[in-house]
Every structure is written in structure tokens, then in C-alpha cells.
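The structure appears below as C-alpha cells.
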Amino acid sequence: MVADVSGQHGGAIDAHARRRPRVVIIGAGVSGIASAITLQRSGFDDFVILEKGSDVGGVWHWNHYPGLTCDVPSHLYQFGFAPKPDWSQVFAPGPEIQEYLADVVDRFGLRPHVRVNAEVTAARFTGSGWVVETGDGTRYEADFVIAATGVLHHPAMPELPGLGEFTGEVLHTARWDDTVATDGRRIAVIGTGSTGVQVVSALQPKARQLTHFVRSPQWVIWAPMWLPQPAAIGVALERLPRVNRALYQAGMTGARLFTDVVTRPSWRRRAVQEYARLSLRAQVRDPRLRADLTPDYQPLCKRQVLSGSYYRALNARNADLVTDAIETVTPTGIRTADGRHHEFDLIVFATGFKAHNYMRPMNLTGREGLSIDEAWAKGPRAYRMTAIPGFPNLFTVLGPNSPTGSIPLHHAAEVTARYIAEWIKRWSAGEFDTVEVTETATARFESEVSDALEPTVWNTGCNSWYFTEAGTIDLLPFDRSTMETMLAAPEDVDFHLRTVPTDD
């Protein structure tokens, strides 16, 4: 069957003056929501949002493990067009972010456009547009596809010998089961990064025993992640929207400083790195434990972890840190390379995601049968994070080389969505039928990114999830101003604009 792409609000464009584009947005997280509202504000209402989960929110829908907290200040982790003055904490807990995103969807009337439990399995370019298919066999015809799938939605599970024989319970933080009891149990947590640090901090106080398996320790900067925002501040900001906007702009200025820290060597970078080292020295007095927790790379090389409770949790009597390699999982626990056997009731994997899959594993086929796996045989690539050679009328939001480690993502998604909307406006005006970025322009952008990555802190000698299988760093090494300039307006010279012949 073929489904209607339209929502229930009707078209806002004069059909006699302009063509009315049909758009499929894949994903209802931050990127998809930004894309939909940008289209709506541009006068386009014939779109559908296909979401594989049971609700909107993306990573904030899928993740609800104990201790989940955003590591970006709340007043930066929001859309510029949908301010939220009444956050409960300076660093918002996950459920509150999910509620905010759901509220934005409702506030802007997007629900009629959203199809949940609609995982896209295939998308094929027809020569003039796209046919998109979901798991239940529903087909959507569209003039444009916007892939807003994000990077953190395919959980990564290590292949540990014997895991299938474990008689206890096994959880991944991205697929948490709230019915599984954790209090009073012997818990193994495997994996570091923000997720591992947060779940260890949350589970340790009530666990019978908690063991954190860490092969590569992270630098953990002390920060008051629990710090509440007084309700009176939220009320005041609600009544004074200009002040709230000024607070947002001040936060964006602070974010610009952080971008400078990670992209350029300076005294500011050294100061932040020294603070990371001080955070470890001040909170971990045991020399042996401190040595085990000291990374062999520079602070900030990996995505920085913030916590005010992790080191305290590891110092507790019911907590243990294991740095030996896991040899095998047994029916009752884990045996490490030193021969020790650790008994557990529950194993928690905080092992992150397959961050560079993006739209995959969907069967995405572009011009002349080109598959996305073929196009990305040497790793994911896109022109200015949003256009892929061989895939006309398809754009990505927060795609390859997006600033996931340096610029507030809501803002980056908004800027990218406005850029895509400009192309769709031109299509609507009849300037072309298909638009496809050139290989030359994409290669030039890759070269610019590669050169700019040289002095970044991400390139100082660590193995992080920022690296692709091909060994490239999948980040944007430019500041916010440069990103905004790159996406300010389409540049025709970098694209093939074609008109599809009619049968007349």
C-alpha cells in the first residue's frame, strides 16, 4: 500500500504559484523535530515523520537508565524557537528532556505528522523522488527525504565468550528494563564514558556489591550534576522572556569558548585539562586506585565526562574497580585474565553505540542503484554534514562530521534544517527537480575538515568513539560562526541541478 505523506493540517502553499513538496523525515529526535518545525515555519506542511520507537524523543526516548542526566547545561539543551525557562536542574535529568521534546511536538502541532513504531527498512530513489518503506510494508512517496536518524541509536554489545551461559540478568543501558531489580544485588558494569559513570553512581548506593570493569579509564571532571534550579528562577524567566533569551545567548557564548578549547591549543585548553587532573587528585586519595583511574591520554581527547559522584561511588566499601581484561563470562559471573572469578547477579553493559551507522542498516539506494554501504565503503561522508554524492533530494541533519563534541546540537540541527528548507523552497519554485551534491565539492569539504582536525584535542592520541572504522575523526573542527556561514545559503556550483523530462 502507498501512504499519504500529508499531515492533517492541510497545505499552506498556493498550489497555483508553487509546487507542494512531499517530504519524509526519518527520526523523531532532536534533528527530526527541528526539521519538521523548520519546514512548517517555511510554509511546507506535506510531511511525515517516521519514528521506529513508540514515542518521540530519539535518544531520550530509548535511554532511561538509572542516573541518566544531560552533560550539557539545560538552558543550552533546547531549541532556540522553543525556550523552556523552568528546568528543574542546571543539568537536566533524562526524563525531563524527553518531556520537553514531547511538549515541543505537541506545542507545534506535529503529532498528526508522526508515525511511531514505523522503522524505515528501505528507501529508493526513483529518478525524480523517493519511495520509503517501513517494516510493516507501508510505502511513502516523497520528493525529498531528510535523514534525521542521529548517531546514538544502535547499541553496541561486545561479543564476550560465555555471555549466553550467564544465568543472571543482562541489560544494556540503551535498552533498560525498569522491571529488573537492582537494589541489594551484585552488579557488574562494563564500559566507561558518561553512561558508565552515571549508572555506576546511581546503582552503587543500594547495591550489595558493584564492580566497574574499566580497561581504558576516562578523565572525569567534577561538576554538580544534581544542582537544582530554584523554582523562583523558572517563574521569573517565564515572565521575563527577554531575560531568558539573554541567558540563552550567554550560554551560547560560553559554548563558543568550549569550542575554542577543543579545536585550538591554548592556555584555555591547558587550564581545563589541569582542572580534570585536579578533579582526580582531589577526590581519589588512594594512590593505587588513582593510578588505575588515570588515563594515558590528554583530557578532552574523548568526549568529556562530567560527574560529582563517580569517584565517591568507587571509594565506597561496596564498590570495586577491575582493570584486568575479561576472559569469559561464566554461568555465575565473570572471569578475568588474572584468573579471578567475580560472582554477579546482574551484568550491565554501558558500552555505547555504533555511532557511525547513521541511517544504516536500512536499505538506502540512490542514483543508479548506488547503496549507502557502497557510498560509505571507506567510512561515512557528507558535504557540510548534510548532502551525499549519489543521493539526490536526500539530506541529513547531524550527519557525518557534525559537531557532536563542540557545538550545542539543537542549534546545529536548526541551522542545518534551515539550509535544507532553502533547497526545498527552490524546488517548490520550480528551479529544478533534483539536487545532488558533486563528488568534487564533497572531497573538498573532507580535505578542509582533515586539515582543520590536526590541532584539535580529539587528535592528540586517544581511541574514542569519534573515530570511524577508516580511522578518520567524525567531528566538525570549526567554530559555530564557520558552521553557520557554511550553511547560510546553497551554493549552486557545488551541486548538480537537474530537470526531469516529462512525458508530454
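The values are calculated or read from the model by the stated rules, or taken from the named source; none is laboratory data. Source: prediction; values computed, not measured. Please note: Cβ atoms are built from the backbone with ideal geometry, for glycine as well, and neighbour counts cover all protein chains shown.
If only one of ALA417, ALA443 is surrounded by 24 or more Cβ atoms within 10 Å (Cβ to Cβ) and part of a helix (DSSP H, G or I), which one is it?
ALA417
Could you check how many residues of the range 135-151 are of a type in the set (Asp, Glu), assigned to a strand (DSSP E or B) and closer than 18 Å to THR386 by Cα? I'd like the intermediate steps shown before the answer.
As a first pass, look at the range 135-151 and keep what is of a type in the set (Asp, Glu): 136, 141, 143.
Checking which are assigned to a strand (DSSP E or B) leaves us with 141.
Narrowing the set further to residues that are closer than 18 Å to THR386 by Cα leaves none.
Adding up the residues that qualify gives 0.
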Among (1) outside any loop (DSSP other than H, G, I, E, B); (2) closer than 23 Å to VAL131 by Cα, there is one condition GLU99 misses while meeting the rest; what is its number?
(2)
Which condition does ASP183 not pass, out of (1) in a loop (DSSP other than H, G, I, E, B); (2) over 28 Å from the mean Cα position of the chain (by Cα); (3) touching a residue at least 40 places away in the same chain (Cβ under 8 Å), if it passes all the others?
(3)
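For (1) under 15 Å from THR192 (Cβ atoms); (2) surrounded by 15 or more Cβ atoms within 10 Å (Cβ to Cβ); (3) of a type in the set (Lys, Arg); (4) modelled with pLDDT of 95 or more, each residue gets a yes or a no:
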site	(1), (2), (3), (4)
ARG317	no, no, yes, yes
ILE334	no, yes, no, yes
ARG340	no, no, yes, yes
PHE344	no, yes, no, yes
VAL348	yes, yes, no, yes
PHE353	yes, yes, no, no
HIS356	no, yes, no, no
MET359	no, yes, no, no
Would you call ARG288 surrounded by fewer than 17 Cβ atoms within 10 Å (Cβ to Cβ) and within 21 Å of the chain's Cα centre (by Cα)?
no
Across the range 460-492, what is the total count of residues that are touching a Pro at 6+ places or on another chain (Cβ under 7 Å) and surrounded by fewer than 19 Cβ atoms within 10 Å (Cβ to Cβ)?
1
Within the bounds of the range 383-396, is there any residue that is modelled with pLDDT of 95 or more and surrounded by fewer than 21 Cβ atoms within 10 Å (Cβ to Cβ)?
yes
Take the residues in the range 81-119 that are out of contact with any Lys or Arg (no Cβ under 7 Å at 6 or more places or on another chain) and of a type in the set (Val, Ile, Thr), then tell me which one is surrounded by the most Cβ atoms within 10 Å (Cβ to Cβ).
ILE97
Filter the range 326-370 down to residues that are charged (D, E, K, R), in a strand (DSSP E or B) and without any contact (Cβ under 8 Å) to a residue 60 or more places away in the chain, then give me how many there are.
1
